[in-house]
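Asks: Can you keep this structure in mind? I'll have questions shortly.
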Amino acid sequence: MAEDKKNGKMNYATIALAAVITVLLVLVLFNCFTVVNEGFIGVKYQFGRIVGSDLSAGLNFHLPFIEEIQQVDTREQIYSIQTNAYTSDTQTVDELSLKMNYYYDGTKLSDIIRNIGISNVETKLLVPNVAKIAKNEIGKVKAEDLVQTRSEVQNAIYESLRDTLAPSGIIVTAFAIENLSFDAAFEQSIQDKVIAAQDALKMQNKTAEKEEEAKQKVIAAQAEADSQKIKADAEAYAIKTVQEQLQNSPRYIDYLKIQRWNGELPQVVGGDVNPFVALGDTDSE
């Protein structure tokens, strides 16, 4: 009887031990895999040393308690900063808002982690370079030119940032000057200058319009003068032709009279001594 109890206790201990071992094996098995999310790259560490920096999205194996996988976001990110700057003519640019889009170069990700650290990228790479390069480029132009050529300055900053950060594994995809402003007096002077330029353009347009009107009047007057000259030349030619005909044929005047006669007889014919007066038709009785 005592032996049966002893055997029963041993069976319970064996079952319990097997259950514990099973649980431990399940835990170990689960700790052998890490899921890397889409848009991230897995970095595998072995006792703190990087042994892999290009683990793709999905289920990835690692040795439990020996290796560890951390995820790094490789999607495009946005860095924004607000600062101030000075133009070449010492005008202060207040509330200068800058925005840069970037992502990590996968081929240099392990170098970034080793030399800088993902958590230090902003403070060690972005903060000093973005502000410094933007201020340098803005300092090359006058304040008024900065307003008029904002897109060109913005593109110059983008190219400089791209070339500067690429060796460190930061790929710059876009850059924008979202806002810039000057002191109120300077902005008012720029506005007044723009208004003056617009007014001058309006006056030039009006002057051109009046010049065109005067030109059209001259053209119309010249056309009328040319028309009158043609008409006068035609009449002179007609008179000359009649005179030549009269010289060649004295009875040509009679021909012209016949051409212009309307078919009605004159009421009085004859000379002053014995005129003949037409009395009109009389009815015979």
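Asks: Kindly indicate which of Val130, Val153 is assigned to a helix (DSSP H, G or I), over 29 Å from Leu109 (Cβ atoms) and either open to solvent by less than 20 Å² (accessible area, probe 1.4 Å) or touching a Gly at 6+ places or on another chain (Cβ under 8 Å) (or both). Reasoning before the result, please.
Replies: Values: Val130 fails: over 29 Å from Leu109 (Cβ atoms).
The match here is Val153.
Asks: Could you please give the count of residues in region 40-62 that are open to solvent by 70 Å² or more (accessible area, probe 1.4 Å) and either farther than 23 Å from Asp105 by Cα or more than 41 Å from the chain's Cα centre (by Cα) (or both)?
Replies: Looking only at that region, the number is 4.
Asks: Right, here's the next one. For Asp94, are the conditions met, namely being assigned to a strand (DSSP E or B), surrounded by 10 or more Cβ atoms within 10 Å (Cβ to Cβ) and either on the phi < 0 side of the Ramachandran plot or at pLDDT 75 or above (or both)?
Replies: yes
Asks: Then there's this: Please work out if Asp163 is closer than 27 Å to Gly106 by Cβ and of a type outside the set (A, V, I, L, M).
Replies: yes
Asks: I'd like the residue in region 74-91 that is closer than 23 Å to Val43 by Cβ and part of a strand (DSSP E or B) and, out of all such residues, is least open to solvent (accessible area, probe 1.4 Å).
Replies: Result: Tyr79.
The values are calculated or read from the model by the stated rules, or taken from the named source; none is laboratory data. The structure presented is a predicted model; accordingly, all values stated were derived computationally and were not measured. Please note: Cβ atoms are built from the backbone with ideal geometry, for glycine as well, and neighbour counts cover all protein chains shown. Ligands, DNA and RNA are stripped out before the accessible areas are found, and what is left, the full protein with its side chains, is counted by its heavy atoms. Shrake-Rupley method; radii C 1.70, N 1.55, O 1.52, S 1.80 Å.
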